[in-house]
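Below is one structure, written out as structure tokens, with a few remarks after it.
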Amino acid sequence: MSDFGFHLAFWSLAAMTLGGASMIMISRNLIHAVIWLVMSMLGIAGLYLTLSADFIAVVQVLIYVGAISVLMLFAIMLTPRAERDNSQTKASAPAALVVILVMISTLWVAVDTDWGAVREAALTEQARLIGESLIKHYILPFEIGAVLLTAALVGAIALARQDDEDAAVHAASLQAELEGEESIDPVDVVDPPIVSDTEATS
Amino acid sequence: MTTADDTRLAMQGTIEALTTGDGSEPVVVNLGPQHPSTHGVFRLKVTLDGEIVRDAEMRIGYLHRSMEKLAEERTYTQNIPFTDRIDYLAAMSNNLAYCLAAEELLGVEVPPRADAIRVMFAELQRIASHAMANGTFINDCGAWHTPLFHMFRDRERVLDMFEMTCGARLTTNYMRIGGVAFDLPEELLPTLESFLADMPERIADYEALLLENEILHARARGVGVISLEMAINSSLSGPVLRATGVPWDLRKANPYCGYEHYEFDVPVGEQGDCFDRFLVRMAEVKQSLRILRQVIDHLPDGPWLADLPLHARPEPGEAYQRVESPRGELGFYLVSDGGPAPYRFHCRPPSLINLSALKEMSIGGTLADAIVTLGSIDIVVGEIDR
Amino acid sequence: MTTQYDPAAAAEIVNASAPGAACVDGGVLFLEPGQLVEAIETLRDAEQSDLVFLCNLTAVDQERYFEVVYHLQSLDLNHIILIKARVTDRDDPSLPSLSGVYHGAHLQEREVYDLFGIRFEGHPDLRRMFLWDGFPGYPLRKDFLQMPGQIRAGLPGFPHESQENAWPVPGSVPQRPQHPNDPPPPSEVTVAETDGEGAS
Amino acid sequence: MDNVLEQYGHLGILLIFAAVFPSIPLVASWAMFKFGLRPKLPNAVKSDTYECGVETEGPTWVQFNFRYYLVALIFVLFDVEVIFLFPLAVALDSVVVTGLVAALIFIAVLFLGLVYEWRRQALEWR
Amino acid sequence: MTDFTGLTSVLGAWYDFRDLNNLQRLITEWIADWGPDWLASIITGVLGALGVLGVIGPTLLILIWVERKVIARFQQRYGPNRVGPRGLLQPVADAVKLILKEQLAPRAADKLIFFLPPVLIFVPGILIWGVLPFGPRMSVADLNVGVLFLLAVSGTAVLVIFMAGWSSNNKYALFGAMRAVAMSISYEVPMVLALLTLVVFSGTMSVNGIVEWQQQEDVIFILLFPLSAIAFFFAASAELNRTPADISEAESEIVAGYHTEYSGMRFGLFYAVELGNTLVVSGFIATFFLGGWWLWGLDQWVPSWIILLIKTGAVYFLLIWTRGTLPRLRVDQLMGFCWKALVPATLLFVVVAFVQRTLLISEGWDTTIALPIMAVFNIALTLGAIMLFARVSRPAPLRRPARIRMAGAQIGGLRAAREVASRTEEPQFQVGGD
Amino acid sequence: MTIGLEHYLALGAILFCIGFFIALSKKNAVGVLIGVELMLNAVNLTLVAFSRFGSAEVALSTQVFVVFIIAVAAAEVAVGLALALVVYRNRQTISVDRTTLLKG
């Protein structure tokens, strides 16, 4: 590929990535935010390609665009409507300050440091090399990865899937809390400040 | 809004979410009036929790034409075309039921040939109607119209015979008080013969295509179940009632038009689910063919219409006559005050009353199950609304 | 062949449990509206009547009163009986609902309410069925054209032809001009709110 | 000249064509509108949300059922585990028996997760 | 794209239509003589893209006709026969009609997202054509990671469907989108696993490499891994939203699913992309499991792309056939079938593939003997798995047979029903059950 | 000018900072997770850049590392979203500034 094509690809992909990321900052709607995230991820996948890392690029699309974004969308669809805005907290101004400081310092490091030799040839057959490497050098992390993922799955399901009895007990306690303000069992009270608010106004 | 109100509302929301199960908000979805699976302008309003139906409510009246009121202004004979339009998929049965009621009021004796012709057309109508019902039922299960079109072939042949006889295919207006309007045309009997000869093969085709179809089993077995007691209590009738195992068929229980002379069986199901309703209809088509064969073999000669003045005035009184229409017990309740028009004209619509248990059948199933259940009841909106 | 169940025998069964609830007049069993539900429940559960199947439920406007007509059927014994109940109050007709006895009465009673305006007390969901909420009057009554909806016989005019004879549309009923000589509309009409979803 | 990059460059060109191709009929449709051949007469009823001919009841973007999320959850983790297996499968020639054992252990762990979900009824839709 | 050593019988002349690469090479060489090399590369890419679109465009139009005609034949009617000879111009007429139709956008829609999906949905559909080999080295891009690329790109379509359904702000559309997404992601797992067996066995992720492996070993993968083929076929038809798995646009339940609110040409694009995806998936099934452009040496004489198209057509016909015959499954049944039947079964076959491949490598068996044995073993295993599934996973209502009895002379209600039920006569119908 | 390592590193740095800002400033837990994902991707991008331009020894191990990061990120999202859902269920909000689970 010529330099021209490479430049075109790099700058347009960089614009896509950063544009998507910045739109996440501004968009108020969480679903829009996820879609911008997808755009950003696609840009990053393209950047991986310009770095000749085709296996990573394809995995990026497969995992982030095909799976994680869907998971996020479903999680959003699962929350009630009121919770779907993507507004910012009051702490955004100081956060911005911190972030700008971090950005300046990292950019300075990135640009100013001499990173040493620049290789001309990229790896070929990366998938095969990664596979070999996984078995020859990283076999323990490889198996631990499987265990980690299964553990994450088990944990996530256990967390997300409340048992029906739990739900019933919880609902009953909340009902009691809502109806009989006098007879609140302190054990059931999850958050004392809010309940005292309720009492104060009722 | 204060934080406290906020919290209170939030807590209310949590309680609802926790008690409804998985914490999803119920969605109200309208199926109909303009919907591919409601067979007309019928509206089913379902409340869904995910895919599960939590509540189902039907809204009808989009096709209400106030026939019962209109009929009070027309003479007994003029009312026959109305009955075509009540259940436009079983016009013959409706004609028949109305004429039977009017004949009871007027005390008319129907000639035997007319009785045989009436039985013939009522059974042909049953075949046509069941073909339509089963075809659309499979469509509701999600088939891409193929069984429907195949069954339409048979319905088409029946309608051709109607056209041959009375000039109309759908709204036949063929029965008269005291008999039928015309005698059978010459070409009808050969056509009917060839129809009877072809049908067993066709039915074997359908059975091969549908009866052992795993997907159809998975979709219709154990779906829309109604118990025997509930079915009787809900006044269900026709194949919907018989699918629960109740051997109740008015052709046997209260024979009219000489049904007692014909040999046939009443198929009954076991489990009262959608698949049993489908099977009962399939079996009934076979029995109808049996009856038709006997009708042709013993077709009496003679007049086909009793001698009756056109504007007959019955004595004051009332009559309730019912027939086993393809959809169930179709009754006509006529009250006369001695005038030329009925004082009160009421139709007992099997489609409407079979819907009594729709809510019970569909709650707890999925949205797709509700559609299949509705399809298995075999409604005709013209009859529901009248 | 379905036989007619002897009304006298039915009256006997009913009167045994609820004295005075039933009488036979001209070969028809009449039931006292006040004890209708108990009487029919008795007939349903009694061994010799076994009227488990409600064939038909409708009403007839007999000018001076309404007659609600029940056709009850026994499936096992294969007999049918005609039962009537009279509602004399034309302004606010009401009758106990059978929906607790027969689930199948549910829709038929709604239909009668819709077209005759007979209220069935105890019906869980008594709303209009074919006509929309707020429809003026009850069409199957004989005096429907004299009812306050000002609906006239004959075909309606098209909207651009004449406003005189147009059909009432949902939501428009309270705003319709009232003739000074007309009686005030019945309470259902004025109170009922249209649900804004067309005919339902 | 990098062969991999050239291949993806071709795909990039195809991507551009893929975006242009469906736009052609849309542009044609727009042109038809400009020439006055295609109607565009929106009114309140037409631009209503379709709900079988009646007005919609209640909001659409409601809180959804939980099942969908569980399915996505299981899918994500399966998908991720599979990306480990693909390179391994390609490299099986050079890491023969060790690779086989590693893969079997990996699949066994994966299968255990599936069994757990099965037992927890996470695979039931109802 | 300059390596031609894989070709066994190259005439090398541009008129050798068995390999259209010759033509393209001629052009690029000619350009390389005078122009910069990036121009040649771009021209190659453009030619490839035009080639793919040249296949897709007309084929889509013909396919609409074919599908309608074939379905019509299943249903014993004529199908389109008015416009043009034998109705062949019907799709064109449809397209013209759709272009001239008013395009409505619901007021309540999320406008930003609503207008994108009809165009975006095409992108993955066309992009995966890029890795489909029409002949040896005859694809737009022969990627090392072709199989993963296919999975990744087709996975993105899910997102577009979600965008379409969500932005419509319509209940049917949202239901359709949620169903479509849930189903696609579920069926992606058996799809990935089915392809993993092939990758394990052939040792390459390149799509062309898989075909070449089949050519080299003289075997097609449907014989070696029949269950993977079945799983892939079913998963593909689920991802394509075709009956028996078209729950996301089940017209009897949720009207038209996620594209309920799209009208005019926007709807037309959804419709077209569905057909296009069906075609490309048929192509991939033919490539992965039926040997692609290779047919026991016939590809030496017949242009390889014609062989591929014929195989694709056969698979496509199979897809139309299932669509025309079968009713639709329910959401929970489809999901259950995926996770409880297809995923464990394909996982089992991944293990089998790993073991057999390792045996082949480490023991150095002669493949001409070992492969048939393995094929027989795998076919037996597949049949066993299917029978086990049929026996074990039947839901409770299906275990009892559905019986229709004849009441005979019996009439009545409860009592009569019990008498009929207690009779032991032969029922009229008895279907299903164990 | 050729595009080299610095370009990618700068891009990664900017992306990381945007992600960082989103993670710090968003109210919604899902929004925060999006920010975290962006940060992880920025790191991945940097690693892949090093793999392309760095010495041959690190080239492969960085890519393996990226694969592991993607896997762990997926696990993180799964568990994180599940946590957010549980918090929502129990607290009726997933806005991070109103969720004070650990407070008294």
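The values are calculated or read from the model by the stated rules, or taken from the named source; none is laboratory data. Keep in mind it's a predicted model, so treat the numbers as computed, not measured. A quick note on method: Cβ atoms are made from the backbone with ideal geometry, for glycine too, and the neighbour counts reach across all protein chains shown. Side chains included, ligands, DNA and RNA excluded: accessible areas come from the protein's heavy atoms. Shrake-Rupley method; radii C 1.70, N 1.55, O 1.52, S 1.80 Å.
D:Glu55 satisfies every condition listed in (1) within 19 Å of E:Pro106 (Cα to Cα); (2) crowded, with 22+ Cβ neighbours inside 10 Å except (2). Filtered by the rule that a residue be surrounded by 14 or more Cβ atoms within 10 Å (Cβ to Cβ) and either facing chain E (nearest Cβ under 7 Å) or more than 30 Å from E:Leu143 (Cα to Cα) (or both), the stretch D:20-41 gives D:Phe21, D:Pro22, D:Ser23, D:Pro25, D:Leu26, D:Ala28, D:Ser29, D:Trp30, D:Met32, D:Phe33, D:Arg38. Highlighted here are the strands (runs of 3 or more DSSP E) found entirely within the stretch B:268-384 that include at least 2 residues which are aromatic (Phe, Trp, Tyr): B:328-336.
For (1) open to solvent by 10 Å² or more (accessible area, probe 1.4 Å); (2) modelled with pLDDT under 85, each residue gets a yes or a no:
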site	(1), (2)
C:Ala21	no, yes
C:Val24	yes, yes
C:Phe30	yes, no
C:Val37	yes, no
C:Glu41	yes, no
C:Arg44	yes, no
C:Val60	no, no
C:Tyr65	yes, no
C:Ser74	no, no
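Residues that are open to solvent by 40 Å² or more (accessible area, probe 1.4 Å) and within 13 Å of another protein chain (Cβ to nearest Cβ) number at least 2 in the following helices (runs of 4 or more DSSP H) confined to the stretch B:41-109: B:67-70. Among the residues of the stretch F:20-36, those identified as assigned to a helix (DSSP H, G or I) and either open to solvent by 10 Å² or more (accessible area, probe 1.4 Å) or more than 7 Å from every other protein chain (Cβ to nearest Cβ) (or both) are F:Phe20, F:Phe21, F:Ala23, F:Leu24, F:Ala29, F:Val32, F:Leu33, F:Gly35, F:Val36.
Residues in the stretch E:161-179 include at least one that is open to solvent by 10 Å² or more (accessible area, probe 1.4 Å), more than 9 Å from chain D (Cβ to nearest Cβ) and either over 18 Å from the mean Cα position of the chain (by Cα) or under 26 Å from B:Ile52 (Cα atoms) (or both).
When E:Met138 is tested against (1) open to solvent by 10 Å² or more (accessible area, probe 1.4 Å); (2) modelled with pLDDT of 85 or more; (3) over 20 Å from the mean Cα position of the chain (by Cα); (4) hydrophobic (A, V, I, L, M, F, W, C), only condition (2) is not met.
Checking D:Val80, D:Val97 one by one, the residue that is among the β-branched types (Val, Ile, Thr), open to solvent by less than 60 Å² (accessible area, probe 1.4 Å), within 7 Å of another protein chain (Cβ to nearest Cβ) and over 30 Å from E:Ile254 (Cβ atoms) is D:Val80 and no other. A:Leu42 passes every criterion in (1) closer than 25 Å to E:Glu188 by Cα; (2) open to solvent by less than 10 Å² (accessible area, probe 1.4 Å); (3) modelled with pLDDT of 85 or more apart from (2). Residues that are open to solvent by 70 Å² or more (accessible area, probe 1.4 Å) and charged (D, E, K, R) were ranked within the stretch B:195-213; the one that is nearest to B:Leu305 (Cα to Cα) is B:Glu201.
The set of residues from the stretch E:392-409 being open to solvent by 50 Å² or more (accessible area, probe 1.4 Å), facing chain B (nearest Cβ under 8 Å) and in a loop (DSSP other than H, G, I, E, B) comprises E:Pro395, E:Arg400, E:Ala409. Looking only at residues in the stretch B:256-267 that are open to solvent by 20 Å² or more (accessible area, probe 1.4 Å) and either at pLDDT 90 or above or part of a loop (DSSP other than H, G, I, E, B) (or both), which one is farthest from B:Asp183 (Cα to Cα)? Residue satisfying both the conditions and the ranking: B:Asp265. Summed over the stretch E:251-276, the residues that are out of contact with any helix residue (DSSP H, G or I) (no Cβ under 7 Å at 6 or more places or on another chain) and within 19 Å of B:Cys141 (Cα to Cα) give a count of 1. The set of residues in the stretch F:65-74 being open to solvent by 10 Å² or more (accessible area, probe 1.4 Å) and touching a Gly at 6+ places or on another chain (Cβ under 9 Å) consists of F:Phe68, F:Val72. Of all residues assigned to the stretch E:272-280, none qualifies as being charged (D, E, K, R), within 14 Å of chain B (Cβ to nearest Cβ) and in contact with a Pro (Cβ under 9 Å, 6 or more places away or on another chain). Give the residue that is most open to solvent (accessible area, probe 1.4 Å), with candidates limited to residues of the stretch E:35-78 that are assigned to a loop (DSSP other than H, G, I, E, B) and within 14 Å of chain A (Cβ to nearest Cβ). The residue in question is E:Pro36.
When the stretch D:115-126 is limited to residues that are at the interface with chain A (Cβ under 9 Å from one of its Cβ atoms) and part of a helix (DSSP H, G or I), the one that is surrounded by the most Cβ atoms within 10 Å (Cβ to Cβ) turns out to be D:Glu117. Looking at E:Ser186, E:Ser154, E:Ser139, just one residue is within 9 Å of chain A (Cβ to nearest Cβ), under 29 Å from A:Leu49 (Cα atoms) and among the hydroxyl-bearing types (Ser, Thr, Tyr), and that residue is E:Ser154.
Determine which member of the set B:Leu184, B:Leu192, B:Leu216 is part of a helix (DSSP H, G or I), surrounded by fewer than 24 Cβ atoms within 10 Å (Cβ to Cβ) and more than 20 Å from the chain's Cα centre (by Cα).
Working: B:Leu184 fails: part of a helix (DSSP H, G or I); B:Leu216 fails: surrounded by fewer than 24 Cβ atoms within 10 Å (Cβ to Cβ).
It is B:Leu192.
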